[in-house]
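Down below is the structure, laid out as structure tokens.
The values are calculated or read from the model by the stated rules, or taken from the named source; none is laboratory data. Owing to the predicted nature of the structure, the values given are computational and were not obtained by experimental measurement. Positions of Cβ are backbone-derived with ideal geometry, glycine not excepted, and every protein chain shown enters the neighbour counts.
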Amino acid sequence: MIPLYRKQFPSAKADLAQALDESAHRFVPKDGQIVDLRSRVFPYVDEIAVNLDGAQFNSMPPAPPKPQGETLPALEAAALTVSARAISIRDVPLNVRVVAHDLNFHKGQDENGDAMLIVHEVRDGTLSISATQLDLEKAIDKIAREEGRGLTIDQVRLAMRARGPRSIAIDVHVQVRKLLFRARIDVSGQIDIDENFVIKAANLKCKSDGGIGSIACTALEPIFRKVEQKSFSLSALPLGNIQMRDIRVTVADTVEITADFGTAN
């Protein structure tokens, strides 16, 4: 769902391209052109290319408004590509790429009567999200130093490995000190994605070889239990007729999650 922030749906290629680009700038803190619409015979579109490379988000982008009432066919696109290399969300560096083929778009209105462009059908598509373990380690180090609560963080080390096509094991080792006291805190756990595309953390543990570390582990214990009781369903995302078909995880120097999607048959 893409809000266009205008009452009338654009009827010409140039107007739609401008509306899409202006809408993207409301959500993405990035200079220059973001959306490029290529079409030889409008409303048949060869490609909609979205360039988010280098964008930095201090928070998660807000959810777009929902369409109200009936939607009608608007245009077809042979391809949609989204490139989001070297972006960061709350200082967590990521690379994101989306490629989709044979899309049908509908037009509709939000609750304010503004025009919207809605993805109605997609033959197939792939979403990939990746980050290097070193960049994730630096992000964890920064968060730990900001949330140290009186502890000095000397070192953070992260190790991730694949436990299967949909499971990641995580080990975080933190060297801390307070005044003359030092300790090593070891946190471990795993993230699993089941056959229904539900993400859940499991086996979260903390151990330490020092007194201040033991205090930290005791404080983390109830937090871990709460986290383990929660889950997030990718199938519950507001994707309309689009469904997840498969998801897989690969772990080396770079951790990558790849999801295949398409319109429900």
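Table for the structure above
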{"quantity": "Filtered residues of the stretch 34-49 (kept if out of contact with any Ser or Thr (no Cβ under 7 Å at 6 or more places or on another chain) and either among the β-branched types (Val, Ile, Thr) or within 19 Å of Arg6 (Cβ to Cβ) (or both))", "calculated": "Ile34, Val35, Leu37, Val41, Phe42, Pro43, Ile48"}
{"quantity": "Residues of the stretch 15-31 that turn out to be farther than 23 Å from Gln68 by Cα, at pLDDT below 95 and not charged (D, E, K, R), as a count", "calculated": "3"}
{"quantity": "Those residues of the stretch 173-203 which are part of a loop (DSSP other than H, G, I, E, B) and not polar (S, T, N, Q), in sequence order", "calculated": "Leu179, Leu180, Asp194, Glu195, Phe197"}
{"quantity": "Selection status of Ile212, surrounded by 17 or more Cβ atoms within 10 Å (Cβ to Cβ), touching a residue at least 60 places away in the same chain (Cβ under 8 Å), of a type outside the set (Gly, Ala, Ser) and farther than 26 Å from Pro165 by Cβ", "calculated": "yes"}
{"quantity": "Top-ranked residue of the stretch 125-159 - restricted to ones that are in a strand (DSSP E or B) and under 19 Å from the mean Cα position of the chain (by Cα), ranked as nearest to Arg184 (Cα to Cα)", "calculated": "Thr132"}
{"quantity": "Looking only at the stretch 50-81, and only at residues there that are among the β-branched types (Val, Ile, Thr) and buried (at least 17 other Cβ atoms within 10 Å of the Cβ), the one that is farthest from Met1 (Cα to Cα)", "calculated": "Val50"}
{"quantity": "Unmet criterion (only one of (1) closer than 18 Å to Val156 by Cα; (2) touching a helix residue (DSSP H, G or I) at 6+ places or on another chain (Cβ under 6 Å)) for Met244", "calculated": "(1)"}
{"quantity": "Residue in the stretch 30-45 that is surrounded by the most Cβ atoms within 10 Å (Cβ to Cβ), counting only those that are more than 26 Å from the chain's Cα centre (by Cα) and assigned to a loop (DSSP other than H, G, I, E, B)", "calculated": "Ser39"}
{"quantity": "Qualifying residue in the stretch 184-197 (condition: modelled with pLDDT under 95 and over 28 Å from the mean Cα position of the chain (by Cα))", "calculated": "yes"}
{"quantity": "Pick from the stretch 205-235, criterion of a type outside the set (S, T, N, Q) and part of a strand (DSSP E or B), ranking: farthest from Gly262 (Cα to Cα)", "calculated": "Lys207"}
{"quantity": "Residue list for the stretch 31-79, filter: closer than 20 Å to Ser11 by Cβ and free of Cβ contacts under 8 Å to residues at least 12 places away in the same chain", "calculated": "Arg38, Arg40, Val41"}
{"quantity": "Tabulated pairs, the stretch 144-162, first at pLDDT below 85, second among the aliphatic types (A, V, I, L, M), C-beta under 6 angstrom, 6+ apart or interchain", "calculated": "Ala144/Ile153; Ala144/Val156; Arg145/Ile153; Leu151/Val176"}
{"quantity": "The lone exception for Ala183 - which of (1) aliphatic (A, V, I, L, M); (2) under 25 Å from Asp102 (Cα atoms); (3) in contact with a Gly (Cβ under 8 Å, 6 or more places away or on another chain) it fails", "calculated": "(2)"}
